[in-house]
Amino acid sequence: MLKKPIQILLIDDETESCKMLQAEARRKRFIVDCFHTLDEGIAHLEQNQKIRAVILDSRCALDDEQNPDSIKTNFVFHAMDQINRIEHEQNRYIPFMVFANNLFDLEKDLDGIAKVISKKQGYDALFKHLDDLIALLPEMIVRDKYAVIFEFIENYLTDDDDDLMETLLMQSEKSDTSSIVTNITLIRRLLEKLFDILAPNILGKPPDNFEQKGKSRTRNIMGVLVANKYLPYELKKSAGNLYSFSSKFGNHNLIGGDNHYFPGKYAVASGIFSLLEIYSWAAFTLDSLPN
C-alpha cells in the first residue's frame with residue numbers, strides 16, 4: 001500500500017464513537033468522514049469518488065425527520081440499496097461493512113454480502129478488514145502496479161494530478177470515441193504538468209520563465225533539459241511526439257473532417273506507456289540529483 005491516506009465514510013449516530021474511530025483511524029492512515037444520518041452520508045458518498053469503503057452502524061436514522069423510536073436495523077438495508085445505486089450510476093465498486101455494539105441478526109442476514117464486526121472486537125479487527133477490502137479494489141491494484149509513478153506524483157505533484165493519473169490508468173482499456181478523446185486529453189495534461197514540475201526542480205526556474213509568444217512552454221522546457229544533458233534525446237523525441245499526438249487528437253479533438261485516421265485504444269495504450277516511461281525517468285532523475 002502507498003503512504004497516501006485512504007478516505008472512508010462512516011455513518012453512525014453516536015458522536016463520541018465517531019470521534020474515537022476517527023482518531024484511531026488517522027494512526028492507520030485512514031481519513032474517516034462521519035455523518036449521523038443515511039441521507040447525509042449518501043449525499044457525501046455521491047460527491048466523493050475517492051471514498052474507498054463505507055462503515056455502517058447497525059441502527060441509524062435515515063434522515064433528520066425520523067422519530068428516534070422508529071430507528072431499526074433496516075437502516076443497513078436502506079444503506080445497501082443506496083450504495084448499490086451509486087455503484088451502478090458511477091461505475092464504481094464501494095465495499096461496505098457493519099461495525100456496531102449491537103449486531104442483532106445482521107451477521108446471519110449479511111452472510112456472504114458484507115462483514116459484520118462487533119465493536120467489542122476492537123479497532124484492530126476493523127482496520128484489518130478495511131485493509132483487506134481496499135487491497136482488492138481495482139483502483140488500488142492499479143496504484144500498486146504503478147507504485148513508482150504514484151509515489152513520484154505524491155512527492156512532487158498535486159492530489160489533482162494523482163486523480164488524473166488514476167483515472168487515466170483505470171479507463172485505459174475503454175474504446176468508445178468519447179473515452180479515447182478523454183484519455184488522450186489526460187495524457188496531454190499530465191505531460192504538461194510533469195515538465196512544469198521539472199522546470200523548478202531540475203532547472204531551478206518556474207515554468208512561466210519558459211513562456212515564449214507563439215511557442216509551447218512544454219517544448220521549451222524539453223529543449224533546455226536536452227541542452228543541459230538531463231533529458232536523453234530519445235526521450236525528448238518520444239515526449240515531443242506524444243505532445244503533438246495528444247494535442248491533435250485530445251485538446252483539438254480532430255474527429256472527422258479531412259482526417260482519415262482517428263486513434264483507437266491501442267494508440268491510447270501506447271501513449272500511456274510512453275507517458276509512464278517519461279514519468280519513470282523523471283522519478284529516477286530527481287532522486288539522483290544532489291540535495
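The values are calculated or read from the model by the stated rules, or taken from the named source; none is laboratory data. Please read these numbers as outputs of a predicted model, since none were measured by experiment. Every residue, glycine among them, receives a Cβ derived from its backbone with ideal geometry; neighbour counts consider all protein chains shown.
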Exercise. Only residues that are out of contact with any strand residue (DSSP E or B) (no Cβ under 6 Å at 6 or more places or on another chain) and aromatic (Phe, Trp, Tyr): list them for the range 64-114, please.
Key: PHE75, PHE77, TYR93, PHE104
Quiz prompt | Residues satisfying the stated conditions in the range 251-267, i.e. at pLDDT 80 or above and surrounded by 15 or more Cβ atoms within 10 Å (Cβ to Cβ) | solution = PRO263, LYS265, ALA267
Quiz item: Mind checking which pairs have a first residue in the range 149-162 that is under 15 Å from THR285 (Cβ atoms) and a second that is in a helix (DSSP H, G or I) and among the aromatic types (Phe, Trp, Tyr), Cβ under 7 Å, 6 or more apart or different chains?
Solution: ILE149/TYR279; PHE152/TYR279
Quiz item: Consider ARG85 against the criteria (1) surrounded by 15 or more Cβ atoms within 10 Å (Cβ to Cβ); (2) modelled with pLDDT of 95 or more: it satisfies all of them except one. Which criterion is unmet?
Solution: (1)
Exercise. Restrict the check to the range 43-54 and report whether at least one residue is over 19 Å from ILE94 (Cβ atoms) and either modelled with pLDDT of 90 or more or more than 25 Å from the chain's Cα centre (by Cα) (or both).
Key: no
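Which is loosely packed, with under 13 Cβ neighbours inside 10 Å and either outside any loop (DSSP other than H, G, I, E, B) or among the charged types (D, E, K, R) (or both), of PHE284, PHE195?
Values: PHE195 fails: loosely packed, with under 13 Cβ neighbours inside 10 Å.
From the options PHE284, PHE195, the qualifying one is PHE284.
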Quiz item: Can you tell me which residues in the range 101-136 are without any contact (Cβ under 8 Å) to a residue 60 or more places away in the chain and surrounded by 15 or more Cβ atoms within 10 Å (Cβ to Cβ)?
Solution: LEU103, PHE104, LEU106, ASP109, LEU110, ALA114, LYS115, VAL116, ILE117, SER118, ALA125, HIS129
Self-check item: Boolean, SER244 is closer than 26 Å to GLN90 by Cα, small (Gly, Ala, Ser), free of Cβ contacts under 8 Å to residues at least 40 places away in the same chain and assigned to a helix (DSSP H, G or I)
Solution: no
Practice problem: Search the range 167-182 for residues being at pLDDT below 95 and in a helix (DSSP H, G or I), and hand back the single one that is surrounded by the fewest Cβ atoms within 10 Å (Cβ to Cβ). | Solution: SER178
Quiz item: Restricting attention to the range 63-77, which residues are surrounded by 17 or more Cβ atoms within 10 Å (Cβ to Cβ) and closer than 27 Å to ILE6 by Cβ?
Solution: PHE75, VAL76
